[in-house]
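Taking it in order: structure first as structure tokens, then the write-up.
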């Protein structure tokens, strides 16, 4: 377990005092790449999650989390709930950094599915999440742009190449940029679909399960937004069906996991998904692999967004280069099986 430095501990205690929480222990929790996440346990064994938001997120997104989780809880769904301070605030600012406290949901998360049972459970969890939020018609208090926008991320990569011409990994990223562009150009255009209220980052590590592989809830809800459903599902399946970690030297797309996950999703979502949305799931998954490769490649040079493992890599750049290559390999693995994957989607939704 990573050690929390004394400065972070002191700030954390200051933040928790605004909630009337006295910590007996603070430990780093989960393996997220963006927000610093700590588990807080009190003398009475009450547990909480304390998070420091990454600067990319405005603190007002906490209002989105507050209203959406309230909506989910009112309908009987398991969900972490944002806590209000003693002064009824949704967050605490310390030295220009924003912190929040959420209820702790005991559960297990995974980087990759341990088995087909977990893949099916993941599909059911995301399908139920989408189906429940289908009735949420209110505007989000803090509207934010959709996460998935391949052209925007492509432009950011081009800008990074222009901004960091002397970076030690510039040549490697330039080669990757060309490969990504060619693979994106070979894909068909996705059909236009109506925006849905989505999680925005449904990678497997953002899903919690109990010890019997039963689905519990989704966490890390900063990315809540309205966007096309195929991109949300593509982001899910690109995470769930690659048995290799995102920073492994090899990558796969496992059709058996995809079949299990899509069956679980179709069962829980029911008629929520239109035929047009279903037809776009497979190409959207490949697009998301390439989009994420683009984002990792840009941060090879920018070295400012994604977290990195200093025990295994020399810098942000080296770690993100490995991640970008991994996503490209997974995209190629899916491309080789795309017709089989499309047939799996058809069968899953026909069975509903």
Odd one out for residue 187, checked against (1) under 16 Å from residue 323 (Cα atoms); (2) touching a helix residue (DSSP H, G or I) at 6+ places or on another chain (Cβ under 9 Å); (3) surrounded by fewer than 17 Cβ atoms within 10 Å (Cβ to Cβ): (1)
Restricting attention to region 211-221, does a residue exist that is modelled with pLDDT of 95 or more, touching a helix residue (DSSP H, G or I) at 6+ places or on another chain (Cβ under 6 Å) and within 24 Å of residue 326 (Cβ to Cβ)? yes
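Would you mind stating whether residue 323 is closer than 21 Å to residue 173 by Cβ, assigned by TED's automatic domain parsing to the domain that holds residue 203, assigned to a helix (DSSP H, G or I) and under 18 Å from the mean Cα position of the chain (by Cα)?
Yes: the conditions hold for residue 323.
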Those residues of region 85-96 which are in contact with a helix residue (DSSP H, G or I) (Cβ under 8 Å, 6 or more places away or on another chain) and either surrounded by fewer than 18 Cβ atoms within 10 Å (Cβ to Cβ) or not assigned by TED's automatic domain parsing to the domain that holds residue 41 (or both), in sequence order: 94, 95
Please determine, by comparing only the residues of region 1-26 that are within 28 Å of the chain's Cα centre (by Cα) and modelled with pLDDT under 90, which one is nearest to residue 85 (Cα to Cα). 8
Would you confirm, using the coordinates I've provided, whether residue 125 is under 20 Å from the mean Cα position of the chain (by Cα), farther than 23 Å from residue 283 by Cα and modelled with pLDDT of 95 or more? no
Somewhere in region 252-264, is a residue farther than 20 Å from residue 341 by Cβ, surrounded by fewer than 21 Cβ atoms within 10 Å (Cβ to Cβ) and in the same structural domain as residue 326 (by TED's automatic domain parsing)? no
Answer yes or no as to whether residue 197 is modelled with pLDDT of 95 or more, surrounded by 18 or more Cβ atoms within 10 Å (Cβ to Cβ), touching a strand residue (DSSP E or B) at 6+ places or on another chain (Cβ under 7 Å) and not in a helix (DSSP H, G or I). yes
Of the conditions (1) modelled with pLDDT under 95; (2) under 30 Å from residue 163 (Cβ atoms); (3) assigned to a helix (DSSP H, G or I), residue 270 fails just one. Which one is it? (2)
Filtering region 223-250 down to residues that are part of a loop (DSSP other than H, G, I, E, B) and modelled with pLDDT of 95 or more, which residue is nearest to residue 317 (Cα to Cα)? 241
Restricting the search to region 33-83, which residues are part of a loop (DSSP other than H, G, I, E, B) and in contact with a strand residue (DSSP E or B) (Cβ under 6 Å, 6 or more places away or on another chain)? 35, 43, 53, 59, 78, 79, 80, 81, 83
Please verify whether residue 310 is without any contact (Cβ under 8 Å) to a residue 24 or more places away in the chain and either in a loop (DSSP other than H, G, I, E, B) or under 17 Å from the mean Cα position of the chain (by Cα) (or both), treating the condition exactly as stated. yes
Exactly one of (1) on the phi > 0 side of the Ramachandran plot; (2) over 20 Å from the mean Cα position of the chain (by Cα) is unmet by residue 200. Its number? (2)
Options 221, 216: the member that is farther than 23 Å from residue 301 by Cβ, in the same structural domain as residue 302 (by TED's automatic domain parsing) and in contact with a strand residue (DSSP E or B) (Cβ under 8 Å, 6 or more places away or on another chain): 216
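The values are calculated or read from the model by the stated rules, or taken from the named source; none is laboratory data. A quick note: this is a predicted structure, and the numbers were derived from the prediction, not measured. When we count neighbours, we look across all protein chains shown, and the Cβ atoms used for this are built from the backbone with ideal geometry, even at glycine.
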